[in-house]
Amino acid sequence: IGMVTFDRWQSFDIQQELKSVGINADTLSVGKKHYEDLAMLYYEQRVLMPHIDLLLEEMSELRIVNDRKVDHPRKGSKDLSDAVTGAVYNAISLTPRNLNQEVEIHDWKSVAKEHQKMEIDNLIVPPPMTKEVEEYLDSFGLL
């Protein structure tokens, strides 16, 4: 895990716990700029979004307030859309730039086809968990 980010709401303790076991953690307040970046990637077909009904509902209900803030309706939420938007932002901003890097080009159809194949063949394998992370998650009874 390269970085875990949280909004400001009651996240200090969990950030400290993660840092204590060697996981980078920080605060990221997702804002309009982050959503604009995600929208650009989506319209340029450079990102695959998970198909989660709640995510689609949240994103479709978002509103821009006073031309500077992204908000949700009174009885709604934007927690999942903030999480996805923050993850995309972190992937972009925290990926090292290598000028000699080889880039493989895919079009939208080939990426969707490969993604579908991975789901059918169950080829998604998580990376091995470190002992420190395993002990930390075990303390919550998650393993």
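The values are calculated or read from the model by the stated rules, or taken from the named source; none is laboratory data. Quick caveat: nothing in here was measured; it's all calculated off a predicted structure. For neighbour counting, all protein chains shown are included, and Cβ atoms are generated from backbone atoms with ideal geometry for every residue, glycine included. The protein model used for the area step is the full one, side chains on, heavy atoms only, and it has no ligands, DNA or RNA in it. Shrake-Rupley method; radii C 1.70, N 1.55, O 1.52, S 1.80 Å.
Quick look at the values:
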| read-out | value |
| --- | --- |
| Which numbered condition Q45 fails, given (1) surrounded by 12 or more Cβ atoms within 10 Å (Cβ to Cβ); (2) part of a helix (DSSP H, G or I) | (2) |
| Count of the range 1-16 residues which are assigned to a loop (DSSP other than H, G, I, E, B), under 18 Å from L80 (Cα atoms) and open to solvent by less than 70 Å² (accessible area, probe 1.4 Å) | 2 |
| Contacts under 6 angstrom Cβ, first residue in the range 1-25 being at positive phi, partner open to solvent by 70 Å² or more (accessible area, probe 1.4 Å), 6 or more apart | G22/E132 |
| Answer residue from the range 82-98, given it is closer than 18 Å to D7 by Cα and of a type in the set (S, T, N, Q) and is modelled with the lowest pLDDT among those | S93 |
| Qualifying positions in the range 17-40 - open to solvent by less than 80 Å² (accessible area, probe 1.4 Å) and farther than 28 Å from R63 by Cα | L18, V21, G22, I23, A25 |
| Scope the range 30-47; condition farther than 19 Å from D79 by Cα and touching a residue at least 12 places away in the same chain (Cβ under 8 Å); matching residues | L41, Q45, V47 |
| Residue within the range 101-120 that is part of a loop (DSSP other than H, G, I, E, B) and modelled with pLDDT of 70 or more present | no |
| Given (1) within 30 Å of G22 (Cα to Cα); (2) modelled with pLDDT of 80 or more, index of the condition N66 fails | (1) |
